[in-house]
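The values are calculated or read from the model by the stated rules, or taken from the named source; none is laboratory data. It should be emphasised that the depicted structure is a prediction, and the values quoted were computed from it without experimental measurement. Every residue, glycine among them, receives a Cβ derived from its backbone with ideal geometry; neighbour counts consider all protein chains shown. For the accessible areas, the whole protein counts, side chains as well, though only heavy atoms, and no ligand, DNA or RNA atoms are used. Shrake-Rupley method; radii C 1.70, N 1.55, O 1.52, S 1.80 Å.
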Amino acid sequence: MAALALAVLVAAVAVAGAQCPAPADLRAADGSRICAQLYADNSPYYDQCCAGATLVVNPGTDVPYMPSSWAGSVSSLVVATRCELTVWDKAGKKGHSRHFSAGAVPRLQEVRRGLLGNWNDAIKGYYCKCN
């Protein structure tokens, strides 16, 4: 039991140290709201996740076909407070879908997609909305 408690504590500390921005901090330079940020890189170390190229997603953005430079390249993401990001693993909003609510996902490879897959480098389309 003590080993399980220690493992949970270590995982919580690892996530707390991630360099991913807080959902409440997602704002453009002019102060306008951002729905989500998608990142090209992640790392086995949580404090090095949410790195590399960044794709800013504005509220109400509907992208059934991601640009070729981003399709299948998202490894981390952060969704702003009171927002929801829906993603698909096939272009044209087809295939598996997943809803992400406010929060950070530093390693998409830890999020299951289907029976054996994960969401790392799998996003091909998305829709983001905020309340």
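Just checking, which of ARG107, ARG27, ARG82 is charged (D, E, K, R) and either in contact with a Lys or Arg (Cβ under 6 Å, 6 or more places away or on another chain) or modelled with pLDDT of 95 or more (or both)?
Testing whether each residue is charged (D, E, K, R) and either in contact with a Lys or Arg (Cβ under 6 Å, 6 or more places away or on another chain) or modelled with pLDDT of 95 or more (or both) leaves just ARG82.
For ALA102, are the conditions met, namely being in contact with a Lys or Arg (Cβ under 8 Å, 6 or more places away or on another chain), open to solvent by less than 30 Å² (accessible area, probe 1.4 Å) and part of a strand (DSSP E or B)?
Spelling it out, it is not the case that ALA102 is in contact with a Lys or Arg (Cβ under 8 Å, 6 or more places away or on another chain), open to solvent by less than 30 Å² (accessible area, probe 1.4 Å) and part of a strand (DSSP E or B).
Residues in the range 107-131 that are out of contact with any Leu (no Cβ under 9 Å at 6 or more places or on another chain), surrounded by 14 or more Cβ atoms within 10 Å (Cβ to Cβ), assigned to a loop (DSSP other than H, G, I, E, B) and not aliphatic (A, V, I, L, M): how many?
2
Are any residues in the range 45-55 farther than 13 Å from VAL105 by Cα and of a type outside the set (Ser, Thr, Tyr), and if so, which ones?
GLY52, ALA53, LEU55
One line per residue, one yes/no per condition, for (1) in a loop (DSSP other than H, G, I, E, B); (2) buried (at least 17 other Cβ atoms within 10 Å of the Cβ):
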{"position": "GLY31", "(1), (2)": "yes, no"}
{"position": "TYR39", "(1), (2)": "no, yes"}
{"position": "ASP47", "(1), (2)": "no, no"}
{"position": "VAL56", "(1), (2)": "no, no"}
{"position": "PRO67", "(1), (2)": "yes, no"}
{"position": "GLY72", "(1), (2)": "yes, no"}
{"position": "VAL78", "(1), (2)": "no, yes"}
{"position": "ARG82", "(1), (2)": "no, no"}
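With (1) open to solvent by 70 Å² or more (accessible area, probe 1.4 Å); (2) touching a Gly at 6+ places or on another chain (Cβ under 9 Å); (3) modelled with pLDDT of 95 or more as the list, and VAL63 as the residue in question, which single condition is left unmet?
Tallying (1) open to solvent by 70 Å² or more (accessible area, probe 1.4 Å); (2) touching a Gly at 6+ places or on another chain (Cβ under 9 Å); (3) modelled with pLDDT of 95 or more, VAL63 fails exactly one: (1).
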